[in-house]
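**Student:** First, the structure itself, so that you have it in front of you.
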Amino acid sequence: MEGNTLLRKHQYEYTENDIGRKIEQNKIKNQSQIFKNIRGKNQIMKEGIELLDKMVVQLEQQLEYLEVMGIEGNAARVYFSRVFDNVDWKGRKPRIKNDYVNVTLDIGYTMLFNIVDAILQVYGFDTYYGVFHKCFYMRKSLVCDLMEPIRPVVDYQVRKSINLGQCKENDFEVINNRWCLKYKSNPQYIQFLMNAILEYKDDIFLYIQQYYRFFMKRKSASEIPVFIIH
């Protein structure tokens, strides 16, 4: 059977939770690593590391989809409030554009999404058919899945850019209650976000290449490739 056809067949036949569970475990482990990379950690940050590391252990178990989603939600609450303790953080709200930090995260995640999408398509995946995110009309669920462990790269860069004064409130304007990056600030934001992602360009490519081989061989979820943040 021709490679792409066999790959798609494997995709459409896969109905388990294990791959999604391991991807979420990888993401939470990387979120914990981001905390470990932050210098001068306060006690709240240290507690965050302990909490996230416990969730990583929880995800070693066979769990139902909703149980994995529950752990993911708990991890997000622990993680975002701490990784953005350098601003008045009001919560992660994708695409609502309710503050400048969320808008900057959306810009970085969109760049990452496009890179992961392009590599997956090179290998012939149906990018609309995920292994964890449920399939919705016109959403590339597999891209959403495989970028999960890489997202903390963007988070850490946004935190650093705020501290360095590269990312700041007056680079944005509010139009119809939605925060928007001013046109003149676009190049600098694209630069610092893309530079952070490109630091991992080889790791991202190898991660998806290894995932392709893993998926084609229908290996056990315990053998899934892991994206490592250093």
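**Student:** Output the pairs from 160/201; 90/168; 140/182; 54/217; 27/54 with a Cα-Cα distance over 21 Å in this structure; if there are none, say none.
**Tutor:** Working: 160/201 19 Å; 90/168 16 Å; 140/182 28 Å; 54/217 31 Å; 27/54 13 Å.
As for pairs spanning more than 21 Å Cα to Cα, those are 140/182; 54/217.
**Student:** Okay, moving on. Beta carbons within 10 angstrom, averaged per residue: use that to sort the peptides 118-128, 216-226, highest first.
**Tutor:** Top to bottom by mean Cβ count within 10 Å: 118-128, 216-226.
**Student:** With a cap of 16 neighbouring Cβ atoms within 10 Å, and only residues DSSP puts in a loop, list the trypsin sites (Lys or Arg not before Pro) found in the stretch 24-74.
**Tutor:** Values: sites: 27, 29, 36, 39, 41, 46, 54; in loops: 39, 41.
Answer by residue number: 39, 41.
**Student:** Could you pull out every one of the aspartates and glutamates with an alpha carbon less than 12 Å from that of residue 219, ignoring same-chain neighbours closer than 8 positions?
**Tutor:** 18
**Student:** Determine, for each peptide in 192-200, 10-18, 64-72, the mean count of other beta carbons within 10 angstrom over its residues, then list the peptides with the highest first.
**Tutor:** Working: 192-200: 16.8, 10-18: 13.0, 64-72: 15.1.
Ranking, from highest mean packing down: 192-200, 64-72, 10-18.
**Student:** Which whole-Hz ³J(HN,Hα) couplings does the stretch 177-186 yield from phi under the Karplus relation 6.51 cos²θ - 1.76 cosθ + 1.60, θ = phi - 60°, glycine and proline marked x?
**Tutor:** Calculated HN-Hα couplings, in order: 6, 10, 6, 9, 6, 5, 3, 5, 8, 3 Hz.
**Student:** Which angle between 0 and 90 degrees, to the nearest 10, do you get for helix 18-37 versus the longest principal axis of the chain when only C-alpha atoms count?
**Tutor:** 30
**Student:** How far is helix 3-13 tilted, in degrees, relative to the longest principal axis of the Cα atoms in the chain, given as a value from 0 to 90 rounded to the nearest 10?
**Tutor:** So the inclination is approximately 80 degrees.
**Student:** If a/c stays under 1.5 just call it rounded; otherwise compare a/b with b/c (prolate if a/b is bigger, oblate if not). Do that for the stretch 137-179, with a ≥ b ≥ c from the square roots of the Cα gyration tensor eigenvalues.
**Tutor:** oblate
**Student:** Here's a follow-up. Using only the Cα atoms of the stretch 32-180, build the gyration tensor, take square roots of its eigenvalues as a ≥ b ≥ c, and label the shape rounded, prolate or oblate: rounded if a/c is under 1.5, else prolate if a/b is larger than b/c, else oblate.
**Tutor:** Judged from the Cα gyration tensor, the stretch 32-180 comes out oblate (a/c at least 1.5, b/c at or above a/b).
**Student:** Can you list residues whose amide H is under 5 Å from residue 172's amide H, if they're 5+ apart or on another chain and H is modeled 1.01 Å from N?
**Tutor:** HN-HN under 5 Å from residue 172: 182.
**Student:** Show that you can apply the helix-only estimate: for the chain, add -39,500 (n - 2.57) for every DSSP H stretch of four or more residues, divide by all residues, and state [θ] at 222 nm to the nearest 500.
**Tutor:** When only DSSP H runs of four or more count, the value is -20000 deg cm²/dmol.
**Student:** From the Cα gyration tensor of the stretch 21-99, with a ≥ b ≥ c the square roots of its eigenvalues, which class applies: rounded if a/c is under 1.5, or else prolate if a/b is larger than b/c, or else oblate?
**Tutor:** Taking the square roots of the gyration eigenvalues as a ≥ b ≥ c, the stretch 21-99 is oblate.
Only the coordinates and a few stated rules stand behind these numbers; no lab work does. Quick caveat: nothing in here was measured; it's all calculated off a predicted structure. Neighbour counts run over all protein chains shown; Cβ positions are idealised from the backbone, glycine included.
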